[in-house]
Amino acid sequence: MDRQKIGQAAEVVALIMVLASIVALVIESDAAIAEEYQAVFATSRAAFAIFFVGEYILRTLNTQREGRSLKSWREYAGSFFGVIDLLSILPVMLPMILGPNFAVVKTFRMLRVFRILKFGRYSKSMKMLGDTVISIRYALLSTLFMAAFLILFSSACMYYLEHEAQPEAFPNILSTLWWAVSTLTTVGYGDIYPVTAGGKLFASIVAMVGIGLVAIPTGLMSAAFVSKIEN
């Protein structure tokens, strides 16, 4: 069996392990099932840990094409999938370093969810989507900066308009950020809303601006993706 076939077989195995780990993570979230099959889940977590740590080490070694240089390792470690691979094994490594009962370790267990993103390595469509995002990254960053500015500006304005009428709903500008985000993204949960005439008028303007704000990155992504497919 040549190296190409071995590589393809290894990718299939890795894909199966990623899928299995995600399925186990979803099922384990049910407290009753997790308690009943505690030993099974503990064994599966250990198996996944060994596999993903081994995969990270092998990928680190395989990326060093010319003399195993430090530069080539940095290129892999700093890449998107290199970061995803590292986040996937952190829930395994941290208990060994800090101990299983350390508070931070329990929080970092949620990083196992990042294994879902490892699918992108084996999917051509996901790679194309990633290349599309990279090609328009500066335009997207500009949109993100504009969105951050509008959120902060809207929060400050709404705070001054509504604070006296609703001090519990709009206690400060930082708390008002939640209202600004939900309004500008046109979600509007309705848990916090203006009651004054000025607040309602301003909220209407913010909602209409939010429609355009959401449309900008959507249009950029659509145009770049169509151009990528045509090329």
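The values are calculated or read from the model by the stated rules, or taken from the named source; none is laboratory data. Just so we're clear, the structure is a prediction, and the values are computed from it rather than from any experiment. Positions of Cβ are generated from backbone atoms using ideal geometry, with glycine treated the same way; all protein chains shown enter the neighbour counts.
Report yes if some residue within region 213-229 is part of a helix (DSSP H, G or I) and farther than 30 Å from SER79 by Cα; otherwise report no. Within region 213-229, none of the residues are part of a helix (DSSP H, G or I) and farther than 30 Å from SER79 by Cα.
Scanning region 6-63 for residues that are of a type in the set (Phe, Trp, Tyr) and modelled with pLDDT of 85 or more gives TYR37, PHE41, PHE48, PHE51, PHE52.
Contact map, region 36-59: residues that are of a type in the set (A, V, I, L, M) paired with residues that are in a helix (DSSP H, G or I), Cβ distance under 7 Å, separation 6+ or inter-chain. Pairs shown: ALA49/VAL92; VAL53/ILE89; VAL53/VAL92.
Return yes when MET146 is in contact (Cβ under 8 Å) with a residue 60 or more places away in the chain, over 30 Å from VAL23 (Cα atoms) and either loosely packed, with under 15 Cβ neighbours inside 10 Å or touching a helix residue (DSSP H, G or I) at 6+ places or on another chain (Cβ under 7 Å) (or both) and no when it is not. For MET146, the condition - in contact (Cβ under 8 Å) with a residue 60 or more places away in the chain, over 30 Å from VAL23 (Cα atoms) and either loosely packed, with under 15 Cβ neighbours inside 10 Å or touching a helix residue (DSSP H, G or I) at 6+ places or on another chain (Cβ under 7 Å) (or both) - is met. On the stretch given as region 74-84, residues that are more than 12 Å from the chain's Cα centre (by Cα) and either over 14 Å from LEU61 (Cα atoms) or at pLDDT below 75 (or both) total 7.
State whether one or more residues within region 147-163 are of a type in the set (D, E, K, R), farther than 24 Å from PHE80 by Cα and not in a loop (DSSP other than H, G, I, E, B). Checked region 147-163: at least one residue is of a type in the set (D, E, K, R), farther than 24 Å from PHE80 by Cα and not in a loop (DSSP other than H, G, I, E, B). Of the residues in region 112-133, at least one is modelled with pLDDT of 80 or more, in contact with a helix residue (DSSP H, G or I) (Cβ under 9 Å, 6 or more places away or on another chain), surrounded by 13 or more Cβ atoms within 10 Å (Cβ to Cβ) and aliphatic (A, V, I, L, M). Being touching a residue at least 60 places away in the same chain (Cβ under 8 Å) and under 28 Å from the mean Cα position of the chain (by Cα) is a description that does not apply to LEU174.
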